[in-house]
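Student: First the structure, then my questions, so here it is.
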Amino acid sequence: MRAGRAASLAASAAAFAFTGCAAPGPRLAPADPAAVPPRVELVETPFFPQRDYQCGPAALATLLVAAGIPVEADALVAEVYLPARRGSLQAEMIAATRSRGLLPYVVPPSTQSLLAQVAAGRPVLVLQKTGVGPWPGWHYAVVVGFDTVDERIVLRSGTDARLEMSAARFLATWDRADRWALVAVEPGALPADPDFARYMQAAAGLEAVGRHQAALLAYETAARHWPTESMPHLGLANLAYARGDLASAEQGFRSAIERAPGDAVARNNRASVLLGLGCPAAARREIERAATLAEGGPHEAAVAFTRHEIDAGIGPDASGCPPDPAPAHSAP
Amino acid sequence: MFKRLLVQVVCIALLNLGSPLVAQAGLIGTLQAVEAGTRAEDLATVNAALARDQVREQFVALGVEPAEVESRVAALTDSELRMLAGQVAEAPAGASALAVIGVVFLVLLILEAVGVIDIFKKFP
């Protein structure tokens, strides 16, 4: 205890040496005081004390149960714990959240985003780096409360059901773990202060591992909240295609193209679906545009492959083929 | 021209091996589209199937039960596998601060004993 105090005194002394006499500024106080309330604590959040080095499964169970998924920390050991590492990887914490049909939203690395999640009622899984020099130590905990006036953070951490620490101390360890933070969002809901790219990354991850129903709800939510973005429509169309509904898929890709005429992916996929609908001529027109757009980009090879497929299916369009997307929008 | 196309076709076929996200050749997955703008280019060059094998091997080496390896690998997306491949043993793995605190205490104790610092004043 005394050693700890001495160490923190030394740290303060060092901080003063670098900052002169300037008092450290507030760390949690929001620039916009209306953004988050001064004091929040999610007292209902459950607690799973960690065993051995298993803070990952314990913290993850806290997050999942708070999101309404009944699960035991012990059951998560087999899913996220690496015995020889005596720890859990961030990617597997995300994967385990996804496996339960929840949207694993990686929170933007700002204090305000972190507090906003808690204020919205969602506990936040955080990674902390606690070690020194050659002995790095990583630790998962769950932020369940904060006080922007007294500069305090409340955590479920390790074997502490309620660990209160100064914001400065918490932020020091969180900073060193690159401010990694995760919330488990029920599909159909949005995290606080949602970031489009991060939300879509999580939603598309659900689709990629076969959680199509959760992905569908997430894409629909995104399409409503960001009506001008094309990507949610691309996602909805890909899901329609996956369940064999080519007509809906074609319409979805068209919606995406109308919002982003330069999107080679939407055009490539629409071309492929058109071929499946028996419209090789329309498919050919679309894949030509996709090929031009994809040149030199990450999808060039995939588009070339679709084009090759379409070139093999020569013939006139059947009747009732959908028209090209509106010309006003279709110019690349 | 034909050679180049053949190479591209083979590349795509290889990339899609073991990838459930492209149901049928021709369609580009949503995650690939989302990540195209955000991922470092070197990630895209790592073969997904190869990355999957590497992570599988590393999980076994790090003590994951063989029966659980498949489902754990299947729960990861291609880009997560590419990111992890080759560095499962080094990537941050949250565990516990206790071991570290022990080491720090030991170092302080040694420094105290040899007289470099003087912080344990209560003890003789």
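The values are calculated or read from the model by the stated rules, or taken from the named source; none is laboratory data. Computed from a predicted structure; not experimentally measured. All Cβ positions, glycine included, derive from the backbone under ideal geometry; neighbour counts span all protein chains shown.
Student: So, in segment B:60-79, how many residues would count as being at the interface with chain A (Cβ under 9 Å from one of its Cβ atoms), assigned to a helix (DSSP H, G or I) and either surrounded by 13 or more Cβ atoms within 10 Å (Cβ to Cβ) or basic (Lys, Arg) (or both)?
Tutor: 5
Student: Follow-up. For segment B:37-59, indicate whether the set of residues that are more than 19 Å from the chain's Cα centre (by Cα), modelled with pLDDT of 80 or more and either on the phi < 0 side of the Ramachandran plot or in a helix (DSSP H, G or I) (or both) is non-empty.
Tutor: Taking segment B:37-59 and keeping what is more than 19 Å from the chain's Cα centre (by Cα), we get B:37.
Filter again for modelled with pLDDT of 80 or more, leaving none.
So far as segment B:37-59 goes, no, none of its residues is more than 19 Å from the chain's Cα centre (by Cα), modelled with pLDDT of 80 or more and either on the phi < 0 side of the Ramachandran plot or in a helix (DSSP H, G or I) (or both).
Student: Among the residues of segment A:321-328, are any in a helix (DSSP H, G or I) and surrounded by fewer than 23 Cβ atoms within 10 Å (Cβ to Cβ)? Give the steps one after another, and end with the answer.
Tutor: Quick first cut of segment A:321-328, residues in a helix (DSSP H, G or I) only: A:327-328.
From what is left, the residues that are surrounded by fewer than 23 Cβ atoms within 10 Å (Cβ to Cβ) are A:327-328.
Checked against the condition, which is being in a helix (DSSP H, G or I) and surrounded by fewer than 23 Cβ atoms within 10 Å (Cβ to Cβ), segment A:321-328 yields at least one hit.
Student: Still on this structure, please answer the following. State yes or no: is A:ARG86 of a type in the set (Lys, Arg), at negative phi and modelled with pLDDT under 95? Break it down into steps so the answer makes sense when it comes.
Tutor: Working: of a type in the set (Lys, Arg): yes; at negative phi: no; modelled with pLDDT under 95: yes.
Criteria not met by A:ARG86.
Student: Within segment A:245-263, can one find any residue that is free of Cβ contacts under 8 Å to residues at least 24 places away in the same chain, assigned to a helix (DSSP H, G or I), on the phi < 0 side of the Ramachandran plot and touching a Lys or Arg at 6+ places or on another chain (Cβ under 7 Å)?
Tutor: Yes.
Student: Right, next: Would it be correct to say that A:ALA61 is within 14 Å of chain B (Cβ to nearest Cβ), surrounded by fewer than 21 Cβ atoms within 10 Å (Cβ to Cβ) and free of Cβ contacts under 8 Å to residues at least 24 places away in the same chain? Full working, then the answer.
Tutor: On the way: within 14 Å of chain B (Cβ to nearest Cβ): yes; surrounded by fewer than 21 Cβ atoms within 10 Å (Cβ to Cβ): no; free of Cβ contacts under 8 Å to residues at least 24 places away in the same chain: yes.
The answer is no for A:ALA61.
Student: Within segment A:130-147, restricting attention to residues that are surrounded by fewer than 24 Cβ atoms within 10 Å (Cβ to Cβ) and modelled with pLDDT of 90 or more, which residue is nearest to A:GLY87 (Cα to Cα)?
Tutor: If we filter segment A:130-147 for residues that are surrounded by fewer than 24 Cβ atoms within 10 Å (Cβ to Cβ), which is where we start, we get A:130-137, A:145, A:147.
Cutting the leftovers down to modelled with pLDDT of 90 or more gives us A:145, A:147.
Working: A:GLY145: 25, A:ASP147: 30 Å.
Once the filter is applied, the top-ranked residue is A:GLY145.
Student: Let me ask another. Taking only segment A:271-284 into account, find how many residues are touching a helix residue (DSSP H, G or I) at 6+ places or on another chain (Cβ under 6 Å), in contact (Cβ under 8 Å) with a residue 40 or more places away in the chain and surrounded by 24 or more Cβ atoms within 10 Å (Cβ to Cβ).
Tutor: Of the residues in that region, 1 qualify.
Student: Out of A:GLN117, A:GLN90, report the one residue that is of a type outside the set (Ser, Thr, Tyr), in contact with a strand residue (DSSP E or B) (Cβ under 8 Å, 6 or more places away or on another chain) and more than 13 Å from chain B (Cβ to nearest Cβ).
Tutor: Values: A:GLN90 fails: more than 13 Å from chain B (Cβ to nearest Cβ).
Checking each option against the conditions leaves just A:GLN117.
Student: Can you find a residue that is buried (at least 18 other Cβ atoms within 10 Å of the Cβ), under 25 Å from A:ARG39 (Cβ atoms), among the charged types (D, E, K, R) and in contact (Cβ under 8 Å) with a residue 12 or more places away in the chain anywhere in segment A:75-88?
Tutor: no
Student: So for segment B:95-117 (the condition being under 29 Å from the mean Cα position of the chain (by Cα), within 22 Å of A:ALA75 (Cβ to Cβ) and modelled with pLDDT under 90), does at least one residue qualify?
Tutor: To start, the set of residues in segment B:95-117 that are under 29 Å from the mean Cα position of the chain (by Cα) comprises B:95-104.
If we keep only those that are within 22 Å of A:ALA75 (Cβ to Cβ) as well, we get B:95-96.
Applying the additional criterion that residues be modelled with pLDDT under 90 yields B:95-96.
Scanning segment B:95-117, I find at least one residue that is under 29 Å from the mean Cα position of the chain (by Cα), within 22 Å of A:ALA75 (Cβ to Cβ) and modelled with pLDDT under 90, so the answer is yes.
Student: Would you be able to tell me the number of residues in segment A:227-244 that are more than 26 Å from A:PRO316 (Cβ to Cβ) and part of a helix (DSSP H, G or I)? Working first, answer last.
Tutor: Kept after step one, since they are more than 26 Å from A:PRO316 (Cβ to Cβ), are these residues of segment A:227-244: A:227-236, A:238-239, A:242-243.
From what's left, part of a helix (DSSP H, G or I): A:231-236, A:238-239, A:242.
Residues flagged as more than 26 Å from A:PRO316 (Cβ to Cβ) and part of a helix (DSSP H, G or I) within segment A:227-244 amount to 9.
Student: Now, a different point. What residue, of A:ARG211, A:ARG198, is among the charged types (D, E, K, R) and closer than 26 Å to A:ALA35 by Cα? Walk me through it before giving the result.
Tutor: Values: A:ARG211 fails: closer than 26 Å to A:ALA35 by Cα.
None of the others qualify; the one that does is A:ARG198.
Student: Okay, moving on. Residue by residue through segment A:285-306, note down the ones that are facing chain B (nearest Cβ under 10 Å), in a loop (DSSP other than H, G, I, E, B) and free of Cβ contacts under 8 Å to residues at least 12 places away in the same chain. Spell out the reasoning first.
Tutor: Taking segment A:285-306 first, the residues facing chain B (nearest Cβ under 10 Å) are A:287, A:290, A:294, A:297-306.
Subsequent filtering for residues that are in a loop (DSSP other than H, G, I, E, B) retains A:297-299.
Residue satisfying the conditions is A:PRO298 alone.
Student: Another question, if that's okay. Considering segment A:160-187 alone, what residues qualify as being within 14 Å of chain B (Cβ to nearest Cβ), surrounded by fewer than 15 Cβ atoms within 10 Å (Cβ to Cβ) and modelled with pLDDT of 95 or more?
Tutor: none
Student: Another one. Quick one: A:GLU41 ticks every box in (1) within 18 Å of A:GLU164 (Cβ to Cβ); (2) within 25 Å of the chain's Cα centre (by Cα); (3) at pLDDT below 85 except a single one, so which number is it?
Tutor: Here A:GLU41 meets the rest and fails (3).
Student: In addition: Do we find that A:ARG224 is closer than 29 Å to B:ASN47 by Cα and among the basic types (Lys, Arg) in this structure? Quick ask: steps written out before the conclusion?
Tutor: On the way: closer than 29 Å to B:ASN47 by Cα: no; among the basic types (Lys, Arg): yes.
It is false that A:ARG224 is closer than 29 Å to B:ASN47 by Cα and among the basic types (Lys, Arg).
Student: Sort out which residues of segment A:129-159 are facing chain B (nearest Cβ under 9 Å), within 26 Å of the chain's Cα centre (by Cα) and of a type in the set (Val, Ile, Thr), and write them in order of number.
Tutor: A:THR130
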